[in-house]
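In what follows, a single structure is set out as structure tokens and then discussed.
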Amino acid sequence: MDMRQMRQKSAEELQAHLAELHKEQFSLRMQKATGQLAKTHEARRVRREIARVNTLLGAKK
């Protein structure tokens, strides 16, 4: 999701998206630990998107 779409969301929607991202990050970490992670760049993408959402939530407060 790009920044333009995220800026249009409310704080509650961003919190829900953040929870989904944390679940995805956990899943990717478990896949990496068991050697099943094929797309290693996904972990970096999720980490950066979490940072973007946190930045927007801080700006909305």
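The values are calculated or read from the model by the stated rules, or taken from the named source; none is laboratory data. Predicted model only: the values in this text are computed from it and were never measured. With ideal geometry, Cβ positions are generated from the backbone for all residues, glycine too; neighbour counts draw on all protein chains shown. These accessible areas exclude ligands, DNA and RNA; they are computed on the full protein's heavy atoms, side chains included. Shrake-Rupley method; radii C 1.70, N 1.55, O 1.52, S 1.80 Å.
Couple of notes before you dig in:
- Heavy atoms of the protein chains alone define the surface here; on that basis the chain has 76 Å² accessible area per residue at 1.4 Å probe size.
- Put a dot 7 Å past the Cα of E13, heading toward its Cβ, do the same for N54, and the two dots end up 2.3 nm apart.
- For the chain, with all protein chains in place and a probe radius of 1.4 Å, 51% of the accessible heavy-atom surface sits on carbon or sulfur.
- Rounded to whole numbers, the Karplus 3J(HN,Hα) couplings from phi for the stretch 11-21 are 5, 5, 5, 5, 4, 5, 5, 5, 5, 4, 5 Hz, using 6.51 cos²θ - 1.76 cosθ + 1.60 with θ = phi - 60°, and x at Gly and Pro.
- The equivalent ellipsoid of the chain has semi-axes of 25, 11, 8 Å, largest first, where each one is the square root of 5 times an eigenvalue of the Cα gyration tensor.
- A simple packing score, the average count of other Cβ atoms within 10 Å per residue, orders the peptides 49-55, 29-35 as 49-55, 29-35, with the highest score first.
- From its DSSP helices (H runs of at least four residues, each -39,500 (n - 2.57)), the chain gives a residue-normalised ellipticity at 222 nm of -26500 deg cm²/dmol.
- Net charge over other residues, Cβ less than 12 angstrom from the Cβ of K60 (K, R count +1; D, E count -1): +1
- Computed from point charges on the beta carbon alone (+1 for Lys and Arg, -1 for Asp and Glu), the dipole magnitude for the chain about its Cα centre is near 260 Debye.
- Computed extension length for Q25-M1: 7.1 nm, one decimal, from 0.36 nm per residue of separation with the Cα-Cα distance subtracted.
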